[in-house]
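A.B. asks: Pasting a structure here, questions to come.
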Amino acid sequence: MIDPVSNHIRAICFDFDGTLAQFRGDFSQLTAFCSAQLGIDPADEAFMAAYERNIRAEGHVTLALALRRSLEQQGYPIPPHLEAIAAETTARYAAQVELLPGALALLAYFAHLPKAIITNGPADMQWAAIRNVGLEPHVQAIVVSGDADVAVRKPNPRIFHLACERLGVAPQETLMIGDHLEADVQGAITAGLQGLHRPNSA
């Protein structure tokens, strides 16, 4: 494990998906449930492609917003209960996210340092998953790309700088730990942080 003192590290940032936690469910079943509630055929490739673009877009993103934009782009009517569909889908997703082995031990190793989670994804789904696995009390900041006050995704340097600002530390004194070499590690290094690759242990 890296030594914070010898590397002049004053804060730690973690990726969430694949580093601290993992979705253990079946995405196809989750998609089928959501599609059925919307009255959409999950085999509708044009709709699914629009959804993939919208759920991974930069800017303020929630599941409900991504679904609404996808429905509008493909000419489908907006159901009056769209928010309820998104909320139920989010709850089902979050309930199937579990901590990876060693995640709590990793957080405990850096217990003396301020910590943040930096994660890409729709705000509602990521916050629900983080809270479901109980990580909120273990960190001092959570930066979700889909939040309106973030609105950029890794590897954009701004998301790393926001985390550093919220922790009150300089980028060069911050270590980013993640499983994705480009988004987490190289993104952090480009933003002036130190980066450490932690392969997904799932």
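Coordinate-derived values only; no laboratory data. Every value quoted in this text rests on a predicted model; they were computed, and no experiment measured them. Neighbour counts are summed over all protein chains in view; Cβ atoms, including those assigned to glycine, are modelled from backbone coordinates with ideal geometry.
A.B. asks: Which order do the peptides 190-199, 94-103, 13-22, 123-132 take when ranked by the mean count of other beta-carbon atoms within 10 Å per residue, highest first?
C.D. replies: Result, highest mean first: 13-22, 123-132, 190-199, 94-103.
A.B. asks: R158 to A95: extension gain in nm, 0.36 nm per residue of separation minus the Cα-Cα distance?
C.D. replies: Working it through step by step, the gained length comes to 19.7 nm.
A.B. asks: Next question, about the same structure. Compute the acute angle (0 to 90°) between the alpha-carbon long axis of helix 82-95 and the principal axis of greatest extent of the alpha-carbon atoms of the chain; round to the nearest 10°.
C.D. replies: Result, in degrees: 40.
A.B. asks: About its Cα centre, what dipole magnitude does the chain give when the only charges are +1 on Lys and Arg Cβ and -1 on Asp and Glu Cβ, stated in debye to the nearest 20?
C.D. replies: Rounded to the nearest 20 debye, it is 360 debye.
A.B. asks: Something else now. Along the three principal axes, how long is segment 27-95 when you take its alpha carbons, biggest first, rounded to the nearest angstrom?
C.D. replies: Its Cα atoms span 29, 27, 24 Å along the three principal axes.
A.B. asks: Taking the Cα-to-Cβ direction at D149 and at I189 and moving 7 Å from each Cα, how far apart do the two end points lie in nm?
C.D. replies: Calculated label separation equals 3.2 nm.
A.B. asks: Now a separate question. Taking all pairs of different Cα atoms in the chain, averaging 1/r and flipping that mean, what Kirkwood radius in angstroms comes out?
C.D. replies: Result for the chain, one decimal place: 17.6 Å.
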